[in-house]
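One structure is given below, represented as structure tokens, and several questions about it will come after.
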Amino acid sequence: MNTDQHQQELGLRETGAVKRVEEYKFEPIRGYPMFQWAGKHPFTSTQYYPAQLKETYGPEVNGWRNKIYWGDNLQVMSHLLKAYRGQVKLVYIDPPFDSKADYKRTINVRGKEAQNDQSVFEEKQYSDIWTNDEYLQFMYERIILMKELLSDTGSIYLHCDFHKEHHLRCILDEVFGSNCFINDIVWKRSTNTSSIGQIWKRAHDNILFYSKSDKYDFNFQYKALSEASVELYQNEDEKGQYQLVPVLVSGKRSGSTGQPWKNIDPNKRGKAGMHWITRPEKLDQYLADGLIVFPDKEGGIPRLKYYLMDNKGVVFSDLWDDINLISSAGIESLNYPTQKPEALLERIIKTSSNEGDLVFDCFMGSGTTQAVAMRLGRRFIGADINLGAVQLTTKRLIKDAEEITNESRKLILEEERPTTFYISFDVYNVNNYDIFRNPVQAKELLIQALEVNPLPAGSLFDGEKDGRMVKIMPINRIATRQDLNELITGFDYRAFEKRQTEHPNQAVEKVTLVCMGHEPDLAAHLQHQMSPFKLDTEVVDILRDKQDLQFKRDSEAKIAIRDGYLVIEQFYPMNLLAKLSLQQDHVEDWRELVDSIIVDWNYDGAVLQPAAIDVPEGNELVAGRYHVPDDAGTIRVKITDLLSESLEMELTYG
């Protein structure tokens, strides 16, 4: 089995052989004007981070599954560079605005009829409070990586507001070049004109639109004709008589011709190409057909009917005033702060991508970009550092994929319906690795994260780096002196004797021990046991020396199989219980604390492939009891609480 095949079995897809950090160096960005801030420093390279595949939903479509990543988007993009550099057609991001606020989501304990202080609380989704200019450096580094991921015909839309719009435009000018600026789109998100102080009411956001080159995809979007604003102007002809001329007002177009007009019945023409409508009762039908109907003129002059060439409508300008904010009671609302309307993303995705193109959003939030991309037949990659956002997006995409599948079964034909829907997706961790239940997978993750060149299975050492032999010690506990016995008995002592004879003043071997906590005399004990041979031994403690790598542990649960059913008897989400200030025995029903349960009846040891998905709607509770199929083997259960923290457990059936 080769390295790639082995990694795929362990859920480490798309990683391949380990690459050195220096292979990800970038050419310095040269753009003018140069924007300076306190603490600005160049960003010319990034560390590689492996991705741990955790869950899979649905089979591949045309060899592709969409991808959702939980992790810092800088680390996620560092991972993506290897496989997707220059392949992303559209980037949309709705990053923090430096608004000096914490964004919170209201958490309701399920099944409670009367809410109280214990059953309702707010959980911070992310903080938008920054010190000095760290926000600018944060965005600068990420925008550089986004450009690296974009294709030559790709575009980026950066959503922002008054707080940092002027600074972000300067950064985009520096990274992409001012010649690649296309539009500063104004989204009028509110019609509220109530006074809030001695300022003009803030009612819009900005969306900065840049391309990677002068050749970028752009599909015009049109406002429906039935919504177009038109007026009738009177032009005096040479005989001093007046005639009515249709002039388009929307889009600031005016004049005697406006958009190209076309008479629908050339056999019945009035002055200046006007068409007389003799059957006003068909007015509703005319509107349904996308035709513009002019109002009656005083005195009983019949209506006039015209329509635009190709019947597409009015091209949108850079002022978008037809998309409203999401109402908290609206059908789209997911109770997520900063959630954006689907109509907004639909316009952007349709404009700057085509079916099958790859769309990327690394400030994913509630997953609006991913949901809209799925319905429009685009492929997508999403990422968010907030686990709650990843869980919410996963639930949303599961539901949307089911709806799309059901519609496909009905053979609904629509004019703009995509030919292919990419509805399957994988969920990955980048950092925050779950390594405590699968030591083999953990070893693979650490080898990649530390950029060690792996050695074949069965070797005494796990890999080599910079001339040092690397041994991964047990990582689910503190490494002890007893754990060194495998090395001590496995060393090639004949080779050591030869090296010591040839170079008596040098170490016979350079050894690196990788662990997660260790006894303080670990290296000294190894040297003592190997005397009289000299070893150059170093200990890399992940918890101490690699604090940028993070690992997680689980809550607790009691799960059993009885009478052919998998039964969850109890669930203890420790962090959630602490936030609720409840003792375990005060929770009337553990299901009140659960957001979702998914079960894989034949777990392969690496990737969760859910067959039973229990995601209740509204205030309903999970069932907690599931029929076990006859062919079940190793069962993996994932329980996600209201904080989006998850517990995964395994059981054996049969």
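The values are calculated or read from the model by the stated rules, or taken from the named source; none is laboratory data. Since the model is a prediction, treat every value here as computed from it, not as a measurement. Note that we place each Cβ from the backbone using ideal geometry, even for glycine, and neighbour counts take in every protein chain shown.
Restricting attention to segment 147-188, which residues are under 23 Å from PRO341 (Cα atoms) and aliphatic (A, V, I, L, M)?
If the condition is that a residue be under 23 Å from PRO341 (Cα atoms) and aliphatic (A, V, I, L, M), then ILE156, LEU158, LEU168, ILE182, ILE185, VAL186 are the ones that fit.
Also, quick follow-up: Look through segment 610-633, keep the residues that are at pLDDT 90 or above, surrounded by 15 or more Cβ atoms within 10 Å (Cβ to Cβ) and of a type outside the set (A, V, I, L, M, F, W, C), and return whichever of them is farthest from SER333 (Cα to Cα).
Across segment 610-633, the extreme among qualifying residues is TYR626.
Another question about this same structure. Do we find a residue being outside any loop (DSSP other than H, G, I, E, B), of a type in the set (Phe, Trp, Tyr), in contact with a Leu (Cβ under 7 Å, 6 or more places away or on another chain) and at pLDDT below 90 anywhere in segment 287-294?
No, the conditions are met nowhere in segment 287-294.
Could you figure out which of (1) within 30 Å of ILE635 (Cβ to Cβ); (2) modelled with pLDDT of 95 or more; (3) surrounded by 16 or more Cβ atoms within 10 Å (Cβ to Cβ) isn't true of PRO50?
(2)
Anything in segment 467-477 that is at pLDDT 90 or above and farther than 16 Å from LEU535 by Cβ? List them, or say none.
Matches in segment 467-477: ILE472 only.
If we keep just the residues of segment 42-65 that are touching a Lys or Arg at 6+ places or on another chain (Cβ under 6 Å) and not hydroxyl-bearing (Ser, Thr, Tyr), which is nearest to SER366 (Cα to Cα)?
Residue satisfying both the conditions and the ranking: LEU53.
Inside segment 450-462, can you point out the residues that are within 33 Å of the chain's Cα centre (by Cα) and at positive phi?
GLU451 - this is the single residue of segment 450-462 that is within 33 Å of the chain's Cα centre (by Cα) and at positive phi.
Of all the residues that make up segment 89-110, how many are touching a Ser or Thr at 6+ places or on another chain (Cβ under 6 Å) and at pLDDT 95 or above?
Matching residues across segment 89-110 total 3.
Right, another one. Does TRP64 satisfy the condition of being among the aromatic types (Phe, Trp, Tyr), at pLDDT 60 or above and either over 24 Å from ALA371 (Cβ atoms) or touching a Leu at 6+ places or on another chain (Cβ under 8 Å) (or both)?
no
Only one of VAL607, VAL637 is under 21 Å from TRP70 (Cα atoms), modelled with pLDDT under 90 and of a type in the set (Val, Ile, Thr). Can you tell me which?
Checking each option against the conditions leaves just VAL607.
Let me ask another. Picking from PHE421, PHE425, which residue would you name as being of a type in the set (A, V, I, L, M, F, W, C), surrounded by fewer than 22 Cβ atoms within 10 Å (Cβ to Cβ) and at pLDDT 90 or above?
Testing whether each residue is of a type in the set (A, V, I, L, M, F, W, C), surrounded by fewer than 22 Cβ atoms within 10 Å (Cβ to Cβ) and at pLDDT 90 or above leaves just PHE421.
Now, a different point. I'd like the full set of residues that are in a helix (DSSP H, G or I) and modelled with pLDDT of 95 or more, limited to segment 149-167.
Once the filter is applied, which keeps residues that are in a helix (DSSP H, G or I) and modelled with pLDDT of 95 or more, segment 149-167 yields only LEU149.
Now for a separate question. Please go through segment 311-363 and pick out each residue that is at pLDDT 95 or above and touching a Gly at 6+ places or on another chain (Cβ under 6 Å).
GLU355, ASP361
Filter segment 634-648 down to residues that are surrounded by 17 or more Cβ atoms within 10 Å (Cβ to Cβ) and either over 25 Å from LEU397 (Cβ atoms) or of a type outside the set (Val, Ile, Thr) (or both), then give me how many there are.
Within segment 634-648, residues that are surrounded by 17 or more Cβ atoms within 10 Å (Cβ to Cβ) and either over 25 Å from LEU397 (Cβ atoms) or of a type outside the set (Val, Ile, Thr) (or both) number 10.
Applying the selection to segment 370-389, what residues are modelled with pLDDT of 90 or more, part of a helix (DSSP H, G or I) and either in contact with a Gly (Cβ under 7 Å, 6 or more places away or on another chain) or surrounded by fewer than 24 Cβ atoms within 10 Å (Cβ to Cβ) (or both)?
GLN370, ALA371, ARG375
So is VAL539 over 30 Å from the mean Cα position of the chain (by Cα), modelled with pLDDT of 90 or more, within 30 Å of ILE447 (Cα to Cα) and surrounded by 15 or more Cβ atoms within 10 Å (Cβ to Cβ) or not?
yes
Could you list, in sequence order, the residues of segment 311-348 that are assigned to a helix (DSSP H, G or I) and under 21 Å from VAL390 (Cβ atoms)?
Scanning segment 311-348 gives GLU342, LEU345.
Out of curiosity, is VAL594 aliphatic (A, V, I, L, M), surrounded by 20 or more Cβ atoms within 10 Å (Cβ to Cβ) and in contact with a Phe, Trp or Tyr (Cβ under 7 Å, 6 or more places away or on another chain)?
Taking the combined requirement at face value, the residue satisfies it.
Filter segment 196-221 down to residues that are closer than 13 Å to LEU158 by Cβ and polar (S, T, N, Q) and give me whichever is surrounded by the most Cβ atoms within 10 Å (Cβ to Cβ).
SER211
Related question: Looking at segment 564-573, is at least one residue out of contact with any Phe, Trp or Tyr (no Cβ under 9 Å at 6 or more places or on another chain) and either modelled with pLDDT of 90 or more or within 26 Å of GLN47 (Cβ to Cβ) (or both)?
Yes, there is a match, as at least one residue in segment 564-573 is out of contact with any Phe, Trp or Tyr (no Cβ under 9 Å at 6 or more places or on another chain) and either modelled with pLDDT of 90 or more or within 26 Å of GLN47 (Cβ to Cβ) (or both).
Residue pairs, Cβ under 7 Å, 6 or more apart or interchain, first in segment 368-390 and in the same structural domain as ASP400 (by TED's automatic domain parsing), second of a type in the set (Lys, Arg) and not in a helix (DSSP H, G or I). List them.
Listed by first residue and then by second, the contacts come to THR368/LYS340; ILE381/LYS67; GLY388/ARG105.
A quick yes/no check of all residues on (1) surrounded by 16 or more Cβ atoms within 10 Å (Cβ to Cβ); (2) outside the structural domain of ASP641 (by TED's automatic domain parsing); (3) not in a helix (DSSP H, G or I):
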position: VAL470; (1), (2), (3): yes, yes, yes
position: LEU484; (1), (2), (3): yes, yes, no
position: ARG494; (1), (2), (3): no, yes, no
position: ARG499; (1), (2), (3): yes, yes, no
position: LEU526; (1), (2), (3): yes, yes, no
position: PHE533; (1), (2), (3): yes, yes, yes
position: VAL567; (1), (2), (3): no, no, yes
position: GLN570; (1), (2), (3): no, no, yes
